[in-house]
Amino acid sequence: MTAQPASPAPDHRPADAPAGSPRGRFAASLATTPGRLALATTIAVAACLLLAVTGFLAGTGQSAALHDAQRDAAQLVGTQELRNDLVSADATATNAFLVGGLEPAEARARYEASLSEAAEAVPALAATARGEGEAADLATVSDSVQRYAGLVESARANNRQGFPVGAAYLDQASAALRDEVLPTLDGVAVSTSERVDDDMGSVSLAQALLLFVLLALVALAAVQLWLARRTHRVLNTGLAAASVALLVGGIVAAAAVLGGNGVARSVAGGPYAATVATSQALALATDAKSMESFTLIKRGSGADFEESYQESLAEAKNLLTSAAEATDTGSDPLALLEEWDTRHAEIRALDDGNDWDGAVAAATSTADDSAGAAFTAFTDAAHADVEATSTAAVDRLGSAATTAQVAAWVALVLGVAGAVAAATGMNVRLKEYR
C-alpha cells in the first residue's frame with residue numbers, strides 16, 4: 001500500500017491574518033500552550049503591578065489631601081483666632097473707656113496682650129496663606145491694625161484728660177476695625193474654608209482607585225483558576241505567594257483609604273465643625289461685649305448698639321448649640337454665655353432706669369458675681385473648647401494622612417513583590433514545555 005501523507009495541522013490563525021504579520025504570529029502563539037502560559041504570565045504580572053501603582057496612587061493622593069485639609073483647617077482656625085484677638089482688644093479698650101481717666105491696669109494689660117498676639121499672628125498667617133491674594137489681604141490687615149492702635153491711643157490720651165473728643169477717636173478706631181479689618185479677615189476665612197471643603201472632597205476621590213485594586217485581584221484569581229484547570233495542579237507556589245501579597249496589599253490600601261475617608265467625614269462633622277462654630281460664637285459674643293460698652297458710652301442714644309448686641313448674641317447662641325451637637329468637650333460655654341446675658345440685662349435695667357453711673361459700675365466691675373467675671377468665664381471656656389477641638393481635628397487628620405502614606409508604600413512593595421513571585425511561578429510551568 002502506498003503511504004498517505006499526514007494531514008497538515010489545522011491553522012488557528014484568523015482568516016484575515018497573514019502568517020508573517022504580528023497579528024498572525026500572536027494568534028499562532030495563542031494556539032500553543034506555551035503561548036497561552038506566556039499570556040497568562042503577562043496578565044498576572046500586570047495585575048500585580050496594577051495593584052502596586054493604583055494602591056500607591058490612592059494612598060499618596062489621599063495622604064496629600066488629608067495633609068492639605070490639616071494645613072488649611074489650622075490656617076482657618078488661626079485666621080479666626082486673629083479676628084477674635086482683635087475683637088477682644090476692642091472690647092477691652094471700649095469697656096476700659098467707661099471708667100474714665102486712667103483705665104485699670106488689668107484692662108490695659110489684657111488689651112495689649114490681645115493686640116500683641118494679633119500683631120504676631122498676621123505675618124505667620126501671611127507666610128502660610130495659599131489662596132490667591134490672601135497674603136496681600138493680610139498685609140492690609142497689618143496696616144489697618146496699626147492705624148486702629150493709633151486711634152485707640154488717641155482716645156485713651158483724651159479720655160485720661162477728660163476731653164469728650166476721646167469718644168470720637170474711639171468711634172473711629174472701632175469703625176476702622178469693623179469696616180476695614182474684620183471684613184477682610186472674613187473674606188480670608190471664607191476662601192480658606194472653601195479650600196478645606198475641597199480638600200475633604202479630594203480625600204474621598206481616592207476611593208475610586210480601589211476599583212482597580214479589585215480588578216487586579218480578580219485578574220490574578222482568574223489566571224490561577226485557568227492554570228489549575230490547564231495543568232491539573234491545584235497550587236502554584238509563585239502565584240499563591242503573589243495572591244497573598246496582592247490580598248494583603250489590597251486590604252491594607254482599602255482599609256487605609258476607606259478609613260481615611262471616614263476620618264475626614266467624622267472630623268468635618270465633629271471637631272472641625274465644633275471649632276469653627278465655637279470660634280465664630282466667641283467672636284460674635286466679644287463683639288456684643290463692645291456693643292454693651294458703646295451703648296453706655298452713647299448715654300441714651302445707643303439703641304442701635306443694643307440691637308447689634310441682641311443680634312450678635314442670638315447668633316452666638318445658635319452657633320454654640322451647633323458646636324455642642326458636633327462634639328462633646330465636657331464644658332458648657334452656652335450656659336456661661338447665657339449667664340453673662342443675664343448680667344447684661346441687669347446693666348440695661350439700671351441704664352434704662354436712669355442710673356447710668358450704676359450701669360457703668362456694673363459693666364466695669366471685676367467682682368466674682370459681675371458681668372465682667374461672667375464674660376471672662378465664658379471666653380475662657382470657649383477658648384479652651386476651640387483649642388481642644390482644633391487640636392483633635394488636626395491630630396486626627398495628620399494621623400490618617402500618615403496611615404494612608406504608609407499603606408501606599410505597603411501596596412507598592414507588595415505589588416512589585418507579587419509581580420516577581422507570579423513571574424517566577426509561571427516560569428516554572430513554561431519550562432515544562434521547553
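The values are calculated or read from the model by the stated rules, or taken from the named source; none is laboratory data. Computed from a predicted structure; not experimentally measured. When we count neighbours, we look across all protein chains shown, and the Cβ atoms used for this are built from the backbone with ideal geometry, even at glycine. Note: accessible area is taken over every heavy atom of the protein model, side chains too, but ligands, DNA and RNA are not part of it. Shrake-Rupley method; radii C 1.70, N 1.55, O 1.52, S 1.80 Å.
Please report the relative contact order for the range 222-354, taking Cα pairs under 8 Å with a sequence separation of at least 6, and give it as a percent rounded to a whole number.
Reported as a whole number, the value is 22 percent.
Would you please give the FRET efficiency between D143 and E194, computed as 1/(1 + (r/R0)^6) with r the Cβ-Cβ distance and R0 = 30 Å, to the nearest 0.05?
0.75
Suppose accessible area is computed on protein heavy atoms with a 1.4 Å probe; arrange Y272, Y309 from highest to lowest.
Solvent-accessible surface, decreasing: Y272, Y309.
Label-point separation (nm) for A109 and R265, each offset 7 Å from Cα along Cα-to-Cβ?
5.0
Are there any helices in the chain, counted as whole DSSP H runs, that stretch 24 Å or more along their axis by Cα and score at least 0.5 on average by Kyte-Doolittle, and if so which?
Helices meeting the span and hydropathy rule in the chain are 210-231, 237-269, 271-297, 371-431.
Taking R0 as 22 Å, what FRET efficiency do you get between E339 and T366 from their Cβ-Cβ distance, rounded to the nearest 0.05?
0.90
Where the centroid of each part is defined by its Cα atoms, how far is the range 363-417 from the range 230-306 in Å?
10
Once you have a ≥ b ≥ c as the square roots of the Cα gyration tensor eigenvalues for the range 102-160, tell me rounded if a/c is under 1.5, and otherwise prolate or oblate according to whether a/b is larger than b/c.
The shape class here is oblate.
For the range 134-277, what is one quarter of the convex hull surface built on the Cα atoms, given in nm²?
Result: 13.2 nm².
Can you tell me the alpha carbon radius of gyration of the range 224-339 divided by the globular rule-of-thumb value 2.2 N^0.38 Å?
2.21
How large is the helix-only mean residue ellipticity at 222 nm for the chain, computed as the sum of -39500 (n - 2.57) over DSSP H runs with n ≥ 4, divided by its residue count, in deg cm²/dmol to the nearest 500?
After summing the helix terms and dividing by the residues of the chain, the value is -29500 deg cm²/dmol.
State in Å² the accessible area per residue of the range 77-135; use a 1.4 Å probe, count heavy atoms of protein chains only, and round to the nearest integer.
Solvent-accessible surface per residue comes out at 41 Å².
If r is the Cβ-Cβ distance from L211 to D328 and R0 is 41 Å, what FRET efficiency results, to the nearest 0.05?
0.65
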